[in-house]
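To start, the structure under review is shown below, and the notes come after it.
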Amino acid sequence: MQISAISKEINEWSGSLLIAGVLEGTIENQLHLFNTLIKDTYLSQKFNDAKFEGKKNQKLSIEFIEGTIKKIVFVGLGKAENLLIDDLRKAASIGTRQVSPGYEAKLGIFFPWDAFDQSSAAFAVGEAVRLTSFKDIRFKSDPKESIQIKEVELIGLDVKLAGIAIAEINPICEGVKLARELVAAPPNFLTPSQLAKEAEKLAIEFGLDLKILDQKECEKEGMGAYLAVAKGSDLKPSFIHLKYSPKITKNKIVLIGKGLTFDSGGYNLKVGASQIEKMKYDMGGSASVLGAARAIAELKPINTEVHFIVAACENMINGSALHPGDIVKASNGKTIEVNNTDAEGRLTLADALVYACKLQPDAIVDLATLTGACVIALGDEIAGLWTDNDQLSEQLISAANKAGEGIWRMPMQDSYKAGIKSSIADLQNTGPRPGGSITAALFLKEFVKSSIPWAHIDIAGTCWTEKDRDLTPKGATGYGVRTLVNWIREFNFISN
């Protein structure tokens, strides 16, 4: 998809499909403008019949027989005084959904750009078109055509101001695409070893450093918690460590993604409403991290070395599988009583966090589809954020807001630690039902050095959607890639 800015006026544009943003209270002006462009004496009547007033998220598609422009999708933006850049992003997504599959004509977008920094507006709108039009059809034997928009022109923008931002759309959207494809892939395709191969592809294509630890090497590292989860599967685990290195390194950060390519729940088998058939997306955190690696490797931010870590495995059941009641030892020496084999993600993350701390980074951020409790608390559009570091919290929230990805800081209530104490080991891997996402975060904290700023992001609700939503068609969302990229590029140090 080629995206470009053109400084032409709308009446100079030549194309057949147009998305036009309409502010509430400007209908008469819009009718006057478009009556000069198209031959349709009933345009005013069509607005009235549809009761289209320009209210936020309203849409009206009109097709024309005569003239160059064959279809205009009018999208309401709401009142000018309340207009946010995220409204442009959502309006572009709404308009793009009205494009028929297989449509290959030039698409123009005409929005009130002057209310915003043109660079930021161009990026948000171009990104929205690109991500909304993506559809994963890899596994269909007779795939229906997805939306094939070949060319997009953002009408009325300064070419120089918008050009640099537009050039960054492709690397970031390719990162989101990779994350979506990884999450959507079936578990018989995306195995732990295949996830490692995907990391290897990134390393080869973009010159990243790669280390894959096999089971024996993980045993040498003392990763007893991670390996205990992997025992139940016939497929061997793969501990993935990618590294991006700039020419000059001033800062070092680590991103960790939970990498359960399938989670049966183990002997605490997922039943009933637990949606075991959807548990291919339990590696959503690893997909976000590898998607961010894809984007960062091409964008090449300066000064910041970035490590991408995934402890990949399956949580299955066989004669060697982890039992409820087992005690395992993590690589920092702490012992864990396993009172629920379906709380396996935190066991794999425990050893990944210890490994990350040995790299002596300036900050660590982990992403994980960790708890159903987070979904109950925040729903499917907002991820939970846990950290004791106010600066890191502010940076991540700012990065998420810029991406239009919902996030909310949750409490790290120290008194809740009592819920994960074990009478026969140092810890148990789950606490009581109330505050389950908080005790999960407190469990992870036990494996992070207190001197290192650390944040945990629970994406259990946000990595998958059952309906078309904003920039995301039904299915894998790629949540977190854009937030991580924004954070790395713009908030790339933690002050002491």
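The values are calculated or read from the model by the stated rules, or taken from the named source; none is laboratory data. Everything numeric in this text was worked out from a predicted model, so none of it was measured. Backbone-built Cβ (ideal geometry, glycine too); neighbour counts: all protein chains shown.
The selection criterion, being in the same structural domain as residue 249 (by TED's automatic domain parsing) and buried (at least 23 other Cβ atoms within 10 Å of the Cβ), does not hold for residue 375. Applying the set (1) at pLDDT below 85; (2) surrounded by 12 or more Cβ atoms within 10 Å (Cβ to Cβ); (3) of a type in the set (S, T, N, Q) to residue 141 leaves exactly one unmet item: (2).
Does region 32-68 hold any residues that are farther than 16 Å from residue 108 by Cβ, surrounded by 14 or more Cβ atoms within 10 Å (Cβ to Cβ) and among the hydrophobic types (A, V, I, L, M, F, W, C), and which are they? Matches in region 32-68: 43, 47, 50, 52, 60. The strands (runs of 3 or more DSSP E) falling completely within region 255-355 that include 3 or more residues that are within 15 Å of residue 427 (Cβ to Cβ) and in contact (Cβ under 8 Å) with a residue 24 or more places away in the chain map to 327-329, 335-337.
Within region 121-169, how many residues turn out to be farther than 14 Å from residue 5 by Cβ and either assigned to a loop (DSSP other than H, G, I, E, B) or free of Cβ contacts under 8 Å to residues at least 60 places away in the same chain (or both)? Lay out the reasoning, then the answer.
As a first pass, look at region 121-169 and keep what is farther than 14 Å from residue 5 by Cβ: 128, 130-150.
Next, from what is left, pick out any that are either assigned to a loop (DSSP other than H, G, I, E, B) or free of Cβ contacts under 8 Å to residues at least 60 places away in the same chain (or both): 133-150.
Residues in region 121-169 being farther than 14 Å from residue 5 by Cβ and either assigned to a loop (DSSP other than H, G, I, E, B) or free of Cβ contacts under 8 Å to residues at least 60 places away in the same chain (or both): 18 in total.
Inspection of region 445-466 finds a residue satisfying the criterion of being in contact (Cβ under 8 Å) with a residue 24 or more places away in the chain, closer than 30 Å to residue 329 by Cβ, aromatic (Phe, Trp, Tyr) and assigned to a loop (DSSP other than H, G, I, E, B).
Determine whether region 437-450 contains at least one residue that is closer than 25 Å to residue 84 by Cα and either modelled with pLDDT under 95 or of a type in the set (A, V, I, L, M) (or both).
Going through region 437-450, the residues closer than 25 Å to residue 84 by Cα turn out to be none.
No, region 437-450 contains no residue that is closer than 25 Å to residue 84 by Cα and either modelled with pLDDT under 95 or of a type in the set (A, V, I, L, M) (or both).
Does residue 366 count as modelled with pLDDT of 95 or more, part of a helix (DSSP H, G or I) and either within 20 Å of residue 210 (Cβ to Cβ) or basic (Lys, Arg) (or both)? Spelling it out, it is not the case that residue 366 is modelled with pLDDT of 95 or more, part of a helix (DSSP H, G or I) and either within 20 Å of residue 210 (Cβ to Cβ) or basic (Lys, Arg) (or both).
Restricting attention to region 454-475, the residues that are farther than 18 Å from residue 378 by Cα and surrounded by fewer than 24 Cβ atoms within 10 Å (Cβ to Cβ) total 5.
Of all residues in region 310-326, none satisfies being within 15 Å of the chain's Cα centre (by Cα), buried (at least 16 other Cβ atoms within 10 Å of the Cβ) and under 22 Å from residue 187 (Cα atoms).
Within region 418-444, take every residue that is among the small types (Gly, Ala, Ser) and in a helix (DSSP H, G or I) and give me the one that is nearest to residue 356 (Cα to Cα). Per the criteria, the residue is 441. Screening 478, 419 for residues that are in the same structural domain as residue 298 (by TED's automatic domain parsing) and in contact (Cβ under 8 Å) with a residue 40 or more places away in the chain leaves exactly one candidate, 478. Residue check: residue 84 meets all listed conditions (1) of a type in the set (A, V, I, L, M); (2) in contact with a Pro (Cβ under 9 Å, 6 or more places away or on another chain); (3) without any contact (Cβ under 8 Å) to a residue 24 or more places away in the chain but one, namely (2). Among the residues of region 2-31, the ones that are in contact with a Lys or Arg (Cβ under 8 Å, 6 or more places away or on another chain) and surrounded by 14 or more Cβ atoms within 10 Å (Cβ to Cβ) come to 7 in all. Within region 219-243, the set of residues being in contact with a helix residue (DSSP H, G or I) (Cβ under 7 Å, 6 or more places away or on another chain) and either outside the structural domain of residue 455 (by TED's automatic domain parsing) or crowded, with 24+ Cβ neighbours inside 10 Å (or both) comprises 223, 225, 226, 228, 229, 237, 238, 239, 240, 242.
From the list 121, 167, 203, which one is farther than 30 Å from residue 13 by Cβ and not aromatic (Phe, Trp, Tyr)? 203 is the lone residue from the list that is farther than 30 Å from residue 13 by Cβ and not aromatic (Phe, Trp, Tyr).
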